[in-house]
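Peer 1: Mind having a look at this structure? Questions to follow.
The values are calculated or read from the model by the stated rules, or taken from the named source; none is laboratory data. Since the structure is predicted, the reported quantities are computational estimates derived from the model, not experimental observations. Note: ideal-geometry Cβ built from the backbone for every residue, glycine included; neighbour counts use all protein chains shown. What goes into the accessible areas is simple: the full protein's heavy atoms, side chains included, and nothing from ligands, DNA or RNA. Shrake-Rupley method; radii C 1.70, N 1.55, O 1.52, S 1.80 Å.
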Amino acid sequence: MTGPSQSRRRVGILGGTFDPVHNGHLHVAQQVREKLALDKVLLIPTGTPPHKAGRRLQDARHRYAMAIIACHNLRGLEVSDVEVRRDGVSYTIDTVNLLAERMPGTDLFLILGADAAAEIHTWRNAERLIMAVNPVVVFRPGFPVDSSITALEGRIAPDAVDRLLGGCLEIEPVDISSTQVRDRLAAGEPVNGLVRHKVEEYIRSNGLYGVLPD
Ligand code: ATP
Ligand code: MG
């Protein structure tokens, strides 16, 4: 009684720098998993670029470790090391192709906050990427979904824009960013409620983000 459509797995992908992973990331991953009945969501921290103008990212080893700690005990949330294992920054299209190859019979759902979706035209092979996955776009405070996507009109093909619009998913908004967490840590302000307790412990015991080690 097993047909091919019955056995297809549904896996979400949430890529990011996770510098550090915060409760907004976890909330998005859990909400999308529940609403779309996904088997699991993979958090995929990016590798660390060797040199890049602008802010230096925390070492991939730490960002990955914090993601693992954050997902502990959260059903259906896992962390993939596929990008941190590669040197430098990976292109999402390459990651998606690799995962598709490794997980045959799986439908991949690419989860994007509206701020990330608004920039997708700058990503490598953006249109091919959007067509290769089921995009899921969620609201982020300050970034309304509809206007973030319609701003892409004329920058990517209309069918790609339509696909993003079709992938809009309403979830409860959570106003947390890694920038806010880093700023608060550096200023000596509390971050409880913004990151999981064990993540905060990891940050403090490793003296990350300008925090004095214990
Ligand atoms: P930073 O402030 O350093 O940019 P960030 O909080 O934006 O960090 P990222 O690692 O850049 O976190 O984000 C990874 C993915 O998670 C992106 O698609 C982003 O849009 C999404 N995301 C992060 N925080 C939220 C949130 N609070 N609500 C919805 N989506 C979010
Ligand atoms: Mg960001």
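Peer 1: Name the residues in region 164-213 that are at positive phi and away from ligand 2 (no atom under 16 Å from the Cβ), would you?
Peer 2: The answer is 188, 193, 207, 210.
Peer 1: Let me ask you something else. Taking residue 133 as the residue in question, decide whether it is under 18 Å from the mean Cα position of the chain (by Cα) and open to solvent by 10 Å² or more (accessible area, probe 1.4 Å).
Peer 2: no
Peer 1: When you check residue 44 against the structure, is it buried (at least 21 other Cβ atoms within 10 Å of the Cβ) and of a type in the set (A, V, I, L, M), yes or no? Working first, answer last.
Peer 2: Values: buried (at least 21 other Cβ atoms within 10 Å of the Cβ): yes; of a type in the set (A, V, I, L, M): yes.
Taking the combined requirement at face value, the residue satisfies it.
Peer 1: Could we say that residue 151 is within 26 Å of residue 103 (Cα to Cα) and not hydroxyl-bearing (Ser, Thr, Tyr) here?
Peer 2: So residue 151 fails the test.
Peer 1: Quick check on my filter: what residues within region 27-37 are open to solvent by 10 Å² or more (accessible area, probe 1.4 Å) and in contact (Cβ under 8 Å) with a residue 40 or more places away in the chain?
Peer 2: Quick first cut of region 27-37, residues open to solvent by 10 Å² or more (accessible area, probe 1.4 Å) only: 27-28, 30-31, 33-37.
If the condition is that a residue be open to solvent by 10 Å² or more (accessible area, probe 1.4 Å) and in contact (Cβ under 8 Å) with a residue 40 or more places away in the chain, then 27, 28, 30, 31, 33, 35, 36 are the ones that fit.
Peer 1: Could you tell me which residue of region 167-198 is farthest from ligand 1 (Cβ to nearest atom), considering only residues that are over 11 Å from residue 23 (Cβ atoms) and charged (D, E, K, R)?
Peer 2: 198
Peer 1: Restricting attention to region 141-158, which residues are open to solvent by less than 70 Å² (accessible area, probe 1.4 Å) and away from ligand 2 (no atom under 14 Å from the Cβ)?
Peer 2: Result: 144, 145, 147, 149, 150, 151, 152, 156, 157.
Peer 1: Which residue out of 161, 138 is at pLDDT 95 or above, within 25 Å of residue 38 (Cα to Cα), surrounded by 15 or more Cβ atoms within 10 Å (Cβ to Cβ) and within 16 Å of ligand 2 (Cβ to nearest atom)?
Peer 2: Only one candidate passes the filter, namely 138.
Peer 1: Looking only at residues that are outside any loop (DSSP other than H, G, I, E, B) and charged (D, E, K, R) in region 47-85, which one is most open to solvent (accessible area, probe 1.4 Å)?
Peer 2: 61
Peer 1: Of the numbered conditions (1) under 21 Å from residue 27 (Cα atoms); (2) open to solvent by 20 Å² or more (accessible area, probe 1.4 Å), residue 107 satisfies every one except a single condition; which is it?
Peer 2: Condition not satisfied by residue 107: (1).
Peer 1: With respect to residue 91, is the statement that it is under 23 Å from residue 181 (Cβ atoms) and in contact (Cβ under 8 Å) with a residue 12 or more places away in the chain true?
Peer 2: no
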